[in-house]
Amino acid sequence: MKRFLVAAGLLLLLSGCSSSTAWGWYVIDPSTERGRINLQFLISGFGNTILLSVIAAVMSMFLGLIVALPGLSDQRGWRWANRVYVEFIRAIPLLPMLFWVFYGLPVVLKSMGIKVSIDPFWGAIITLALADSAFTAEIYRAGIQSIARGQREAAQTIGLNRAQTMRYVILPQAIRRILPPLANQFIYIVKMSAFASVIGMQELTRRANELVVTEYRPLEIYTFLILEYLVLVLVISQAVRWLENRMRVDER
């Protein structure tokens with residue numbers, strides 16, 4: 001954390017903006033008490049952003065696999081159900097879906113005799129998981145269909161049923177192929193988690209918005225917000241590269 005603050009401070013100093021009256025980098029200057037307090041306030045949103053993104057990504061991957069499997073069925077009805085879900089979810093913009101889940105879903109459930117209160121944290125998770133599951137389902141479907149049919153036939157010859165073939169033969173190979181697009185979807189979720197700020201979720205963007213209201217320096221604060229998301233994306237990308245290399249070694 002200290003290294004991050006120092007790097008941010010160096011970036012601001014190198015920009016040469018502190019000498020201009022048109023800029024107000026002092027609001028996040030780590031060399032002053034006020035700047036350190038503001039930086040700590042902004043950085044404190046990392047925890048909720050990461051937790052929100054990870055839970056939503058895990059739920060999306062699980063739901064996406066469930067949605068993808070009917071699309072691989074030989075029965076037309078199952079394939080039709082898969083297409084309806086994927087096309088419907090992909091057609092809804094994220095922000096209206098977020099509002100509907102947070103404000104509308106409790107009303108719908110209440111009309112069914114189920115009284116549920118959804119807080120911003122779980123409202124954002126449900127929305128992100130649903131919105132991303134349609135894209136994840138298509139990634140799974142493409143990855144599974146890319147596995148040669150001979151793999152399935154070989155699994156059947158040694159006595160594996162369809163479920164065992166999918167679990168032990170098809171999915172492990174498909175995961176290696178779809179890891180990069182799945183990583184892209186995780187990055188997408190991290191960035192789209194910013195929408196959770198509109199329903200009061202205390203994540204990175206919400207913290208930046210609140211500080212802008214008190215400091216009246218949107219350019220400097222939102223610039224730092226961009227750097228925060230850049231750090232998250234770079235860390236995720238590096239982790240995915242490491243995982244790809246590890247899986248490649250294991251495969252060899």
Under 12 Å from the Cβ of Gln202, count the other residues' Cβ atoms, weight Lys and Arg +1, Asp and Glu -1, and hand me the total. -1
Net charge near Trp80 (other residues with Cβ under 15 Å of its Cβ; Lys, Arg +1; Asp, Glu -1) is +2
If we count other beta carbons within 10 Å of each Cβ, what is the order of Asp132, Asp119, Asp74, fewest first? Asp74, Asp119, Asp132
Exposure proxy check on Val213, Val116: fewest-to-most Cβ neighbours within 10 Å is Val213, Val116
When ranked by the protection proxy of mean other Cβ atoms within 10 Å per residue, highest first, what sequence do the peptides 46-57, 62-73 form? 46-57, 62-73
Segment 183-199 and segment 25-58: distance between their alpha carbon centers, rounded to Å: 16 Å
Take each complete run of DSSP H in the chain, measure how far its Cα atoms stretch along the helix's own axis, and keep only those covering 18 Å or more with mean Kyte-Doolittle hydropathy at least 0.0; list them. 2-15, 46-71, 120-145, 171-192, 218-251
Take the Cβ-Cβ distance between Gln75 and Trp100 as r, set R0 to 22 Å, and report the resulting FRET efficiency rounded to the nearest 0.05. 0.10
Fewest to most Cβ atoms within 10 Å: Tyr229, Tyr168 sort as Tyr168, Tyr229
log10 I(q)/I(0), Debye, Cα-only segment 48-201, no solvent, q = 0.11, 0.20 Å⁻¹? -0.51, -1.20
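Coordinate-derived values only; no laboratory data. Just so it is clear, the structure is predicted and the values come from calculations on it, not from any experiment. All Cβ positions, even for glycine, are placed from backbone atoms using ideal geometry, and neighbour counts span all protein chains on display.
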